[in-house]
Amino acid sequence: MPTYEPIKGYEEIPALSFTINAAHDFPDVELALTSAKPNPSPLPNIHPHHRLLSLDVFRGLTVALMILVDYAGGILPAINHSPWNGLTLADLVMPFFLFIVGVSLGLTYKKLPCKAVATRKAILRTLKLLTLGFFLQGGYLHGLNDLTYGVNVEKLRLMGILQRIAIAYLVGALCEIWLKGDDHVDSCSSLLRKYRFQWAMALVLISTYLSLIYGLYVPDWEYQIPAEASSSPAKIFLVKCGVRGNTGPACNAVGLIDRTTLGIQHLYGKPVYARTKLCSINSPDYGPLPADAPSWCQAPFDPEGILSSVMAVVTCLIGLHYGHIIVHFKDHRNRMLHWMIPSICLIGLGLALDFLGMHVNKALYSFSYMSVTAGAAGILFTGIYKLVDVCGYRRMTLVLKWMGTHALMIYIIAACNILPVVLQGFYWKQPENNILKLIGIGR
């Protein structure tokens, strides 16, 4: 079986940045939404194009999947995010990105000339990514059919997709920088010993999540909705809880922690559970409230909240392990074997937990959801690696590779509605007469 040389091109690769330039803001890390050209000055005897193309293709496929569910999810509710428990095509996007972040970090930080410098750069990149997330998902842009912008900072959404990726990246980067042993790796057991402190961190995060979500007491709480008439008082809704360990939409610890720490006014105002049968007569799509709808149906809830992001970090750490396998095992067969075994075990564990009552739930980022989606990411990555890097079927994946290397740009333009909003700004006489309306978008 042929071997695969270390991926030197990943040693100087930018992260989520506006320019693909390894000499500027992001010289030594690659995240889920971007890529760059290989190192122009590789080490001697290493071919400059020895690059893990399957990771670019996987990233591009995830971007394509994200665009598909964003624009077709309203038409095909079956692929849209699950209203609560369950797993759909859209629910795979976030964990796939986080998994890719982890794999990339494993390749990026395999050699560290200075841990302090790498830590400083990782923190700076995290802050930049958080700032970009606040701008794109904080409410500054008002979306389709609204040619206005601006946000009241008292209602700025604090969490979001890019913010979660930033948190996972920072924790994963710090783990790879500081929690890595000096053991020589020549077997699976030695691989586990070398990174034992990273696995300990994963166990701490899992234990923290499970302890809080099943042990934290959730009291009654209330929220208010502004009245349609500005002169009328806001409507106040009381949500009765007084329970522990509840994983339903109203009384879970994920929502409690977000309301307490972030403030309910800073949460996502269009919760996914508003598409459940209890809250929508058009379920699984959004729609008018049923006559007997519970009081919590219109309450804000952030799908990228604080506690759920704790478990999301574990997905990144699992991806980091897959990156370690690339670094330490050079034979294709060994790599795929060491990927497939944990992937299958993770899916089996997640399905077993779901059967036992710990349901697969994207909004809560449940342990079972993390297991199933991380395992699915591992299997898909292994398949793409086999197709692209082993068998050499690269021409058929050129489009996905291009999308993977320009993923941040595509995310900003398409998934964040930047391009549609710009196109709507050019209209004929009335704002309603724009090109998007002509082709059936933004009705």
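Read-outs: derived from the displayed coordinates by stated rules, not from any lab. Nothing here was measured: the structure is a model prediction, and the numbers come from that model. Positions of Cβ are backbone-derived with ideal geometry, glycine not excepted, and every protein chain shown enters the neighbour counts.
Things worth noting here:
- In this rough spin-label picture, where each label sits 7 Å from Cα along the Cβ direction, the Thr119-Ser190 distance is 2.9 nm.
- Were the residues from Phe197 through Leu238 laid out at 0.36 nm apart, the gain over their Cα-Cα distance would be 10.3 nm.
- Sorting 163-171, 197-205, 122-130 by their mean Cβ neighbour count within 10 Å, with the most densely packed peptide first, gives 163-171, 122-130, 197-205.
- From most to least packed by mean Cβ count within 10 Å, the peptides 299-307, 345-353 give 299-307, 345-353.
- Each label was represented as a point 7 Å from its Cα along the Cα-to-Cβ direction; for Leu112 and Ile341 these points are 2.7 nm apart.
- Entries of Lys110/Lys180; Lys235/Lys277; Lys155/Lys270 with Cα pairs more than 18 Å apart: Lys235/Lys277
- Label-to-label distance for Cys391 and Leu351 is 2.4 nm, based on points extended 7 Å past Cα in the beta-carbon direction.
- Highest average packing first - 103-110, 382-389, Cβ atoms within 10 Å: 103-110, 382-389
- Between Ala64 and Ile379, the FRET efficiency from the beta-carbon distance, with R0 = 22 Å, is close to 0.75.
- Chain lengthening between Glu222 and Thr261 when straightened (0.36 nm per residue, less Cα-Cα): 12.5 nm
- Rounded if a/c under 1.5, otherwise prolate or oblate - the stretch 149-288, Cα gyration tensor axes: prolate
- Per-pair calculated FRET efficiency, R0 = 25 Å: Asn246 and Ser283 via Cβ, rounded to 0.05: 0.75
- Three-way shape label, the stretch 329-404, alpha-carbon gyration tensor, a/c 1.5: oblate
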